[in-house]
Every structure is written in C-alpha cells, then in structure tokens.
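The structure appears below as structure tokens.
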Amino acid sequence: MKTIEITQPASTAAMYFGALRGGAKKGATAQTLPALTLLRPTVTLAGAHLAQYAKVCGFTPAHGVPITYPQLLTFPLVMAFFALDECPWPAMGTVHLANRIVQHQALHAGDTLRVEVSTGALLAHEKGQIFELDLKILRRDELVWQATQSLLRLGVKQPAGTVFGGHVQSGLPLSHQADFSAPANIGRRYGSVSGDRNPIHLWALSARLFGFRRAIAHGMWTHARALAALLPREPLSQAEVAVDFKTPLFLPARASLWTRHQPQTSSEAGVLFEVRNAKGDKPHLRGQLSYFGSFLK
C-alpha cells in the first residue's frame, strides 16, 4: 500500500482548489480504489479547538472529547486524497451518505496523535458509486478511534461492489424527545471550526449555484447536535455510533429529535435515533448509538 505523509495540511484555498481540479473525473468509473494511506504523524488535540467545536455543536465540558470530534482531525487528509491523481472522483458534488464511528478509548485535550486515512471498499447504489474511506487515530501506536466515511458519487453508471443497504434499519416506532434550532449561519460557524467550507453550507446564493434552494447544514453538525442531546453527561471510554444521512436540512430550520432506547445490559446501553423536520414526518438522518463499560473515573 502506498503511504503519503503530510506534515503540514494545505490551506483552505489550496484544499478547495484541489477539489475543483478533479472536476474532469466526475464521470469516471472504477472497479477498485487504489490502495493508499495518507497520514499526519503528529497531531495535538487542542483544547481551544475542542471548546469551539463543543460550543457550535451543543456539547458541554462534561462530555469530554465527543465521539464525533476526532473526525475533524481527518478532514485535511480526506481533502488531500481528493486532490490526488489516484482519486477517481472530485470532492465537489460528492455526497456524504453514511458514517460509522468506533471509539476504543477516551481521548483528551493535549493528546499527541497519529491520524490516518486509507482507501476502502466500493459499494453499489441506485444513484451512483459509493466509495469508503477508513479513518484511524492512534495514540502511542495504539488504535483509539476509527471510522468509515461512506461517500456517494452521483451519476456513475454500472457501479462496482455489493449493494449498500445502509447502516440503520427503519420501521421501529420512535418517540419525540426534543427540538433544536439550526440557525441560518450554522453552516458558516461549523465550517469555520471544521474546515469544511463547501459553498452549499455557507450562503443561500452559493448553495443555489450547486442546485440547492437554500444553504444546508453539514451532516456531521446535525449528527453531533443530536449526540449532544443523547450522550450522558460524562466522558465515555468506549462507544459506537452509525448514521445514514437521509435528506438535506435547509437553513434556517427547526428540527426534532426522535428516539427509541434499546434493552440495556449491565455493560451496554444504546438508542436508535432520528433527526426529523419540525413536523416529525421527514428524517434528515437516522442513527444508532451504543456505549459500553463504565464511564471514566
């Protein structure tokens, strides 16, 4: 497997220039992804940045490092992958369809980490080609966090791989738990913290250039905002969460959170959840959360 080490991430402008230069590849087909890993050998989990993320997503200091936060550390490597000649498709116009995260150990502000992004599987979808990126974070060479980011390239004919069925099955009744606001500027606020300044999230005008009637919330912000209401108010040592992104959340908006708690054991608790529109009749995302063991002492 080819390994590419990146010690200094590109600027925001350079990252998005790389995403745009891949536009000629938008109709490409592939039977496999090239086997490669991009890595940042030394990344410090900065407390100030974590605090900014927590504020914009609704977490409290009692949550510690939320399970979704480490994915921000992988973003520069994901964008660097899109800029490579080996990547069959560009970032612009590629849809984040689903996400799965497993946390093996708690992370802490000040941790020195190694961040890796590797190419994964190809999966078929009725609307195009899904390709997966495998994300890993290591501390002192021990895997502490990992995720799979499932991305959909629309319009690819005869996609390779088995058919993707989603991470979370629907059909079980859920109960309304809470409501929350997604203000008009949340895309700009989250983009400033995450580095993801895709124009579809920033302004209504820039979103219309890409076919959206208004700006839409980042899927990972909506995901995090739901977890801020669901997670216990203690740092978790081990947890797993999977989500399928269903429909755009147009800004500004009022959203509703619906849940179904699963049977608990002495060592595991879990919940099915959906973020829906204000009326509660259209899902924006569907997820499943499990957390294990005791909370940190």
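The values are calculated or read from the model by the stated rules, or taken from the named source; none is laboratory data. Just so it is clear, the structure is predicted and the values come from calculations on it, not from any experiment. Cβ: placed from backbone, ideal geometry, glycine included. Neighbour counts: every protein chain shown.
What are the residues in segment 93-109 that are over 22 Å from residue 125 (Cβ atoms) and surrounded by fewer than 20 Cβ atoms within 10 Å (Cβ to Cβ), if any?
Step one: filter segment 93-109 for residues over 22 Å from residue 125 (Cβ atoms), giving 102-109.
Scanning segment 93-109 gives 102, 104, 105, 106, 108, 109.
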For segment 169-219, name all the residues that are in contact with a Pro (Cβ under 9 Å, 6 or more places away or on another chain) and not hydrophobic (A, V, I, L, M, F, W, C). 170, 181, 183, 185, 189, 195, 206, 214, 219
Matching residues, segment 64-92, being surrounded by fewer than 18 Cβ atoms within 10 Å (Cβ to Cβ) and in contact with a strand residue (DSSP E or B) (Cβ under 7 Å, 6 or more places away or on another chain): 86
Quick check: is even one residue across segment 156-173 modelled with pLDDT under 95, within 24 Å of residue 114 (Cα to Cα) and surrounded by 17 or more Cβ atoms within 10 Å (Cβ to Cβ)? no
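From the set of residues in segment 189-245 that are small (Gly, Ala, Ser) and over 17 Å from the mean Cα position of the chain (by Cα), which is surrounded by the fewest Cβ atoms within 10 Å (Cβ to Cβ)? Outline the logic, then answer.
Restricting attention to segment 189-245, the residues satisfying the condition of being small (Gly, Ala, Ser) are 191-192, 194-195, 204, 206-207, 211, 215, 217, 219, 224, 226, 228-229, 237, 239, 242.
Now restrict to residues that are over 17 Å from the mean Cα position of the chain (by Cα): 204, 206-207, 211, 215, 229, 237.
Numbers: 204: 13, 206: 16, 207: 22, 211: 8, 215: 26, 229: 16, 237: 17.
Of everything passing the filter in segment 189-245, 211 is surrounded by the fewest Cβ atoms within 10 Å (Cβ to Cβ).
Please state which one of 111, 85 is in contact with a Lys or Arg (Cβ under 7 Å, 6 or more places away or on another chain) and not β-branched (Val, Ile, Thr).
111
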